[in-house]
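K.L.:
First the structure, which I've put down as structure tokens, then a few questions once you've had a look.
The values are calculated or read from the model by the stated rules, or taken from the named source; none is laboratory data. The shown structure was predicted, so the numbers you read here are calculated from the model rather than taken from an experiment. In this analysis, Cβ positions are derived from the backbone assuming ideal geometry, glycine residues included, and neighbour counts consider all displayed protein chains.
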Amino acid sequence: MGATINDVAKIAGVSASTVSRVLSDNPRISEETKQRVRKAVDELNYYPHAIARSLANSSTKTIGLILNTEADSLIRNPFFVQALTGVSLYAQENGYNVMFAFNKHEEEDLNIAMRYVSSRSVDGIILFTSRTNDKCINFLKKKKFPFSIIGRPDETKGVLWVDNDNFQATYQVTDFLISKGHSSIAFIGGPLGLNVSRDRLEGFKRAMSIHGVSPDKSILFDSGEFSDDFGYDCAMKIISAWEAGQNKPTAVVTCDDMQALGVLKAMQEKNIGDMAVTGFNNTPLGLFQSPKLTSVDVNADKLGFYAAKVLLDFIEAKESAPTHYIVPTNLVERESAV
């Protein structure tokens, strides 16, 4: 016989009603109590009875998505919409529904994953980011719960994942700028805890090194946010340093179109038109800029599509199905880097 809610309550030292509130993520329960209850749930491998019966008899025909972003970025950054579209297309074609949750912090990502697993409300999970020593990945592997990742994980063995070759893509765009005569190139990166950020930074550094150019650390922003605000702030620092007598870079490589849009905004405010700017993701917003944005197309819809495919192939136990896909990128040249 499986564990009961009373068993969980006894181990956690709380009432059964408190356990129920923790499982429903009641905000009035303290974080310390939640952690104690979740530890007991984990030790006993406890599932609410109704969900357990559903699990034994049938699947939910639902996959859960965890997006590491805030509501504002989810609305403003088209990458998420494009990737969500790809996931939904494949899921619907195969008779699955999609539910998603979003937030900005790793601990909350983990809490969402724990809720998905403990409630058995989904058959599998798609993570929209991959971090160094990722807590969600470690938790889901330990639970042996089906999941896939958009992003290269630290350990690829036994993990379903989809990504671009971010190292090569950033190498390509940096090489492109150098071939046009740029040598003083600024770099604006994403959160260093994300593998995609590290891969893009290393691609930039390698291209500079191959051409015998040493990156200027004063214009290398290697840890930031995929936002227009961060791009704007970095550009303003570059411009302020130039106005104070330092050399001005002739080009800026960013790791996200939103960052690039922030750079272009700062340039327009300061009436600067002689710095080349490149972005990443090739979002439609780049077409409406002046100048139109040169960007790396990561084919976000395909990233989502194949993340759903590898996961559902695994859930449906399809033989010889791939465990990962590398989605090609291409550099789209427009006015901002001509």
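Residue by residue, here is whether (1) within 25 Å of residue 118 (Cα to Cα); (2) touching a strand residue (DSSP E or B) at 6+ places or on another chain (Cβ under 8 Å) holds:
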| residue | (1), (2) |
| --- | --- |
| 142 | yes, no |
| 147 | yes, yes |
| 150 | yes, yes |
| 158 | yes, no |
| 164 | no, yes |
| 174 | no, yes |
| 178 | no, yes |
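K.L.:
Here's something else I'd like to know. Are there any pairs with C-beta distances below 9 angstrom linking a residue in the stretch 81-100 that is on the phi > 0 side of the Ramachandran plot to a residue that is surrounded by fewer than 20 Cβ atoms within 10 Å (Cβ to Cβ), with the two at least 6 apart or on different chains, and if so which?
P.N.:
Cβ pairs passing all conditions: 95/61.
K.L.:
So, in the stretch 116-135, exactly how many residues are crowded, with 17+ Cβ neighbours inside 10 Å, among the polar types (S, T, N, Q) and over 12 Å from residue 307 (Cβ atoms)?
P.N.:
Qualifying residue count for the region: 2.
K.L.:
Inside the stretch 101-117, can you point out the residues that are without any contact (Cβ under 8 Å) to a residue 40 or more places away in the chain and over 18 Å from the mean Cα position of the chain (by Cα)?
P.N.:
Matches in the stretch 101-117: 117 only.
K.L.:
Now for a separate question. Buried (at least 19 other Cβ atoms within 10 Å of the Cβ) and touching a strand residue (DSSP E or B) at 6+ places or on another chain (Cβ under 6 Å): which single residue out of 312, 293 fits that description? Before you say what the answer is, go through the steps one by one.
P.N.:
Working: 312 fails: touching a strand residue (DSSP E or B) at 6+ places or on another chain (Cβ under 6 Å).
Step by step, each of 312, 293 is checked, and only 293 is buried (at least 19 other Cβ atoms within 10 Å of the Cβ) and touching a strand residue (DSSP E or B) at 6+ places or on another chain (Cβ under 6 Å).
K.L.:
Is there any pair with a first residue in the stretch 136-164 that is surrounded by 19 or more Cβ atoms within 10 Å (Cβ to Cβ) and a second that is acidic (Asp, Glu) whose Cβ atoms are under 6 Å apart and which are 6 or more apart or on different chains, and what are they?
P.N.:
136/109; 151/163; 152/163
K.L.:
A follow-up question, please. Can you confirm whether residue 52 is outside the structural domain of residue 131 (by TED's automatic domain parsing), over 27 Å from the mean Cα position of the chain (by Cα), of a type in the set (Gly, Ala, Ser) and at pLDDT 65 or above?
P.N.:
Numbers: outside the structural domain of residue 131 (by TED's automatic domain parsing): yes; over 27 Å from the mean Cα position of the chain (by Cα): yes; of a type in the set (Gly, Ala, Ser): yes; at pLDDT 65 or above: no.
So residue 52 does not fit the description; no.
K.L.:
Which of (1) part of a helix (DSSP H, G or I); (2) touching a residue at least 40 places away in the same chain (Cβ under 8 Å); (3) not charged (D, E, K, R) is the odd one out, the single condition residue 239 does not satisfy?
P.N.:
(2)
Yes or no, residue by residue, for (1) over 24 Å from residue 174 (Cβ atoms); (2) under 20 Å from the mean Cα position of the chain (by Cα):
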position	(1), (2)
269	yes, no
277	no, no
282	no, yes
287	no, no
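K.L.:
Return the total of residues in the stretch 286-321 being of a type in the set (Val, Ile, Thr) and within 29 Å of residue 273 (Cβ to Cβ).
P.N.:
Step one: filter the stretch 286-321 for residues of a type in the set (Val, Ile, Thr), giving 294, 296, 298, 310, 315.
If we keep only those that are within 29 Å of residue 273 (Cβ to Cβ) too, we end up with 294, 296, 298.
Here the count works out to 3.
K.L.:
Would you be able to say whether some residue in the stretch 56-70 is in a helix (DSSP H, G or I), over 28 Å from residue 315 (Cα atoms), modelled with pLDDT under 80 and assigned by TED's automatic domain parsing to the domain that holds residue 126? Reasoning before the result, please.
P.N.:
Taking the stretch 56-70 and keeping what is in a helix (DSSP H, G or I), we get 56-57.
Then drop every residue that is not over 28 Å from residue 315 (Cα atoms), which leaves none.
Checked the stretch 56-70: no residue is in a helix (DSSP H, G or I), over 28 Å from residue 315 (Cα atoms), modelled with pLDDT under 80 and assigned by TED's automatic domain parsing to the domain that holds residue 126.
K.L.:
Could I ask something else about it? Quick one: which residue in 113, 83, 101, 91 is surrounded by 20 or more Cβ atoms within 10 Å (Cβ to Cβ) and under 27 Å from residue 34 (Cβ atoms)? Write out each step before concluding.
P.N.:
Details: 83 fails: under 27 Å from residue 34 (Cβ atoms); 101 fails: surrounded by 20 or more Cβ atoms within 10 Å (Cβ to Cβ); 91 fails: under 27 Å from residue 34 (Cβ atoms).
Just one listed residue meets the conditions, 113.
K.L.:
Only one of (1) under 12 Å from the mean Cα position of the chain (by Cα); (2) closer than 26 Å to residue 36 by Cβ is not met by residue 135, so which one is it?
P.N.:
In the conditions (1) under 12 Å from the mean Cα position of the chain (by Cα); (2) closer than 26 Å to residue 36 by Cβ, residue 135 misses (1) alone.
K.L.:
Considering only the stretch 187-195, I want to know if a residue exists there that is under 26 Å from residue 335 (Cα atoms) and in contact with a His (Cβ under 7 Å, 6 or more places away or on another chain).
P.N.:
If we filter the stretch 187-195 for residues that are under 26 Å from residue 335 (Cα atoms), which is where we start, we get 187-190.
Imposing the further condition that a residue be in contact with a His (Cβ under 7 Å, 6 or more places away or on another chain) reduces the set to none.
Scanning the stretch 187-195 turns up no residue that is under 26 Å from residue 335 (Cα atoms) and in contact with a His (Cβ under 7 Å, 6 or more places away or on another chain).
K.L.:
Residues in the stretch 230-248: is at least one surrounded by 23 or more Cβ atoms within 10 Å (Cβ to Cβ) and either assigned by TED's automatic domain parsing to the domain that holds residue 127 or among the aliphatic types (A, V, I, L, M) (or both)?
P.N.:
Scanning the stretch 230-248, I find at least one residue that is surrounded by 23 or more Cβ atoms within 10 Å (Cβ to Cβ) and either assigned by TED's automatic domain parsing to the domain that holds residue 127 or among the aliphatic types (A, V, I, L, M) (or both), so the answer is yes.
K.L.:
Whether any residue in the stretch 115-124 is farther than 17 Å from residue 63 by Cβ and among the aliphatic types (A, V, I, L, M) is what I want to check. Outline the logic, then answer.
P.N.:
From the stretch 115-124, those farther than 17 Å from residue 63 by Cβ are none; that's our starting set.
No - not one qualifying residue is present in the stretch 115-124.
K.L.:
Need at least 3 residues that are in contact with a helix residue (DSSP H, G or I) (Cβ under 6 Å, 6 or more places away or on another chain) and either of a type in the set (Val, Ile, Thr) or not assigned by TED's automatic domain parsing to the domain that holds residue 277 (or both) per element, so show me which strands (runs of 3 or more DSSP E) inside the stretch 136-216 make the cut, counting only ones lying wholly within it.
P.N.:
On the way: elements: 147-150, 160-163, 185-188.
Those strands (runs of 3 or more DSSP E) span 147-150.
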